[in-house]
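**Q** Before I ask anything, here is the structure I am working with.
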Amino acid sequence: MFKYSLDNKRYHTINYFYRTKFNSKVFKVPLDAHMSCPNKINGNGCIYCSDFSKSNIINSKESIEEQFLNNIKVLENKWPNSLYIPYFQAGTNTYAPLETLKGLFESLLKFDKVVGLAIATRPDTLSNEVIEYLGELNKKTFLTIELGLQSSNNNTLDFIKRGHDVDCFVNAVKKLKEKGIFVVAHIINGLPYETEEDMLNTIKLLNNLKVDGVKIHMLYISKNTELADIYEKEKFSILSKEEYIDIVIKQLELLDEKIVIERITGDPIKEDLITPDWLIKKFCVLNDIDKEMVKRDTYQGKHSK
């Protein structure tokens, strides 16, 4: 068994990380603070983003506290001894006045069994003032900041209209790490016209930055997106399941074994999805990754330096 896993996984699982750190089952509880995104305000957003996706809104009427309490009800019944990390998932969750952020984040620390906060955001919305505050917040609880990178290739970032370059991401990670904050990077495999080398280079960058965690996504094309229009015209190549699994395993082999894997595949909304349809069977993809790693007798960090 891989040393950073509690099951048959051959990579550093988030379950192992939380169990080791908190000696308990820990759940991230998704929340929607109704944050906007500077990339949408200044343009149309990333080309794969859809305002109409069902995944964008959790509950538009409930407050953050109501969302949290309602979301943990089912968990409390099934896992009464579990702990929780409120997860600001939807939108860009540092794109608001500092006092607004303080009110949102700190309102949840008062609840029993909350052991941390997770905040998803963009590297270009982390002012020095916000980073100073996050450093203080990190002293009060276990803070995770999730940053979208998607690719370490600036040409790709331009193509997908990401709205920032690689240096912006690098600088944000360095500032957060100086504050001792746990940093998770989001990357996407299969972006238009990217090569396997591009995707492996993204992993090498994350190793060099010593990020704490990674979420690996597979590109999928949703309805009502600019990406869907581009795909209709250009029919660029979409990774097959076999190609995706092969690349993910090569990425894991390169990735430092101490970096936590928080996600390892995409998770599309079926009603929104155009392609690839194999992503709908998420657990089949996960199981096939596990089986192939066993077949190759490989594991995370096998080829890391």
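The values are calculated or read from the model by the stated rules, or taken from the named source; none is laboratory data. For clarity, every value in this text was computed on a predicted model and none was experimentally measured. Heads up, the Cβs are rebuilt from the backbone with ideal geometry, glycines too, and the neighbour counts pull from every protein chain shown.
**Q** Residue check: is Glu242 in contact with a helix residue (DSSP H, G or I) (Cβ under 9 Å, 6 or more places away or on another chain) and either crowded, with 17+ Cβ neighbours inside 10 Å or not in a loop (DSSP other than H, G, I, E, B) (or both)? Walk me through how you get there before you give the answer.
**A** Values: in contact with a helix residue (DSSP H, G or I) (Cβ under 9 Å, 6 or more places away or on another chain): yes; either crowded, with 17+ Cβ neighbours inside 10 Å or not in a loop (DSSP other than H, G, I, E, B) (or both): yes.
Yes; evaluated as a whole, the condition is true for this residue.
**Q** Only one residue in Lys204, Lys215 is more than 21 Å from Tyr48 (Cα to Cα) and not polar (S, T, N, Q), so which one is that?
**A** Lys204
**Q** Looking at Thr125, Thr92, Thr141, Thr121, which is the one that is β-branched (Val, Ile, Thr) and in contact with a Cys (Cβ under 7 Å, 6 or more places away or on another chain)?
**A** Thr92
**Q** Oh, and also: If you check every pair at least six apart or on different chains, which have Cβ atoms under 7 Å apart with a residue in the range 245-265 that is more than 11 Å from Lys215 (Cβ to Cβ) and surrounded by fewer than 22 Cβ atoms within 10 Å (Cβ to Cβ) first and a residue that is of a type in the set (S, T, N, Q) and at pLDDT below 95 second?
**A** Filtered contacts from the range 245-265: Leu254/Ser304; Asp256/Ser304; Glu257/Ser304.
**Q** If you don't mind, another one. Quick one: Lys291 ticks every box in (1) in contact with a strand residue (DSSP E or B) (Cβ under 7 Å, 6 or more places away or on another chain); (2) surrounded by fewer than 16 Cβ atoms within 10 Å (Cβ to Cβ) bar one, so which box is it?
**A** For Lys291, the exception is condition (1).
**Q** Select the helices (runs of 4 or more DSSP H) contained entirely in the range 1-113, then report the ones holding at least 2 residues which are modelled with pLDDT of 90 or more and acidic (Asp, Glu).
**A** Here the list reads 64-78, 98-106.
**Q** A further question follows. Within the range 130-182, how many residues turn out to be β-branched (Val, Ile, Thr) and closer than 20 Å to Met199 by Cβ? Before you say what the answer is, go through the steps one by one.
**A** First, the residues of the range 130-182 that are β-branched (Val, Ile, Thr): 130-131, 141, 144-145, 156, 160, 166, 170, 173, 181.
Within this subset, residues satisfying the condition of being closer than 20 Å to Met199 by Cβ are 156, 160, 166, 170, 173.
Matching residues across the range 130-182 total 5.
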